[in-house]
Amino acid sequence: MSEAIAVALVGADTPASQAFLDVLGEMPLALTALYPLSDDEEAVSVELRHQSLPMIDVASFDWKKADAVVFVGAPELAKRYAQAACDAGAAVIDLTGATGSQSGKPQRGQIVGLPHVLTSMISAPLAALHALGAIDFAGATAMLSVSEDGQAAIEALSMQTRQLFAQQEVELAGYPKRLAFNLLPTADCGEELRIAAELTAVGTPLNCITVSRVPVFFGHAVSLNVLMHDEVTLEQIEAAIQASPALYYLKADGAAGIATPQDAIGGDKVWLNQLQVAADGRSVQMWLVADNARLPARAAVLLLALL
């Protein structure tokens with residue numbers, strides 16, 4: 001049996017932290033303590049396993065108290081404190097992407113990161129198709145909810161929506177153009193390059209990807225198009241997808257067969273839907289949705305279990 005560990009959760013007042021706490025509460029990971037940390041003076045407490053835990057000021061926390069430190073939803077705090085936690089001997093897991101750390105097994109005195117959530121969403125179906133044969137081309141159009149950018153982005157979308165209904169001037173709140181009731185390509189964020197590199201590293205390369213922000217609070221979606229080298233049948237693809245533990249294949253008639261980001265909220269798998277094979281037997285199209293907070297949260301808890 002693994003030993004109980006003390007975990008510090010930085011960014012405990014963010015929406016992403018709730019997904020982490022939910023997963024942590026569901027899994028049998030033994031804890032000696034959980035320290036919820038925030039820089040928000042108004043944050044009061046969090047709940048884990050029906051126990052209320054008071055919020056702690058991150059600036060005053062002694063990092064030596066924690067065996068592991070998880071950074072969620074607050075990239076500015078990861079930039080500021082991840083190295084200090086690492087220097088104190090904690091195993092640091094960065095879910096924000098702010099430290100640029102590579103994935104791997106957590107070690108005390110080291111910082112590890114997780115792939116972008118889009119990498120996780122895309123790699124699973126590509127791996128399933130790759131098991132059927134060579135892939136000549138793969139392209140994706142990704143639609144990210146604003147929760148990818150943290151609490152401030154959620155508040156910005158809510159504010160812009162209210163301002164539009166009130167016929168007021170809309171504040172951009174850090175975005176180059178209005179996000180509410182709009183679609184915003186975000187190629188300048190560097191996400192495309194990061195995701196392409198991560199997919200290549202795991203053996204499921206992507207030829208091109210376009211990332212945009214959509215006016216949705218939670219849940220990501222991806223339209224994935226693949227050109228197989230040899231012909232495959234729909235039945236073969238369905239069997240490969242159903243064999244993947246990371247995928248949930250939704251196949252039903254009518255409205256029940258339409259997967260939306262909202263449907264995937266609270267789930268631990270990538271939902272796959274709208275699967276089509278063209279008449280040439282090589283062109284494959286599919287629709288993917290997932291809970292963008294829950295997927296990395298589950299991965300982080302599994303990493304903690306390795307300690």
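The values are calculated or read from the model by the stated rules, or taken from the named source; none is laboratory data. Just so it is clear, the structure is predicted and the values come from calculations on it, not from any experiment. So basically every Cβ, Gly included, is an ideal-geometry build from the backbone, and we count neighbours across all protein chains shown. Heads up: the accessible areas ignore ligands, DNA and RNA and are worked out on the full protein's heavy atoms, side chains in. Shrake-Rupley method; radii C 1.70, N 1.55, O 1.52, S 1.80 Å.
Descriptive notes on the structure:
- Test for VAL216: is it surrounded by 15 or more Cβ atoms within 10 Å (Cβ to Cβ) and either without any contact (Cβ under 8 Å) to a residue 24 or more places away in the chain or more than 22 Å from the chain's Cα centre (by Cα) (or both): no
- Elements of type strands (runs of 3 or more DSSP E) in segment 224-307, at least 3 residues being open to solvent by 30 Å² or more (accessible area, probe 1.4 Å) and at pLDDT 95 or above: 270-277, 283-290
- Subset of segment 1-18 (residues that are open to solvent by 10 Å² or more (accessible area, probe 1.4 Å) and either of a type in the set (Val, Ile, Thr) or in a helix (DSSP H, G or I) (or both)): THR14, PRO15, ALA16, GLN18
- Among the residues of segment 118-129, those that are more than 18 Å from ALA197 (Cβ to Cβ) and either open to solvent by 10 Å² or more (accessible area, probe 1.4 Å) or among the aliphatic types (A, V, I, L, M) (or both) comprise ALA128, LEU129.
- Reported count of residues in segment 24-55, each being open to solvent by 70 Å² or more (accessible area, probe 1.4 Å), β-branched (Val, Ile, Thr) and touching a residue at least 12 places away in the same chain (Cβ under 8 Å), is 1.
- Residue in segment 40-58 that is of a type in the set (A, V, I, L, M, F, W, C), assigned to a strand (DSSP E or B), out of contact with any Pro (no Cβ under 6 Å at 6 or more places or on another chain) and farther than 18 Å from ALA300 by Cα present: yes
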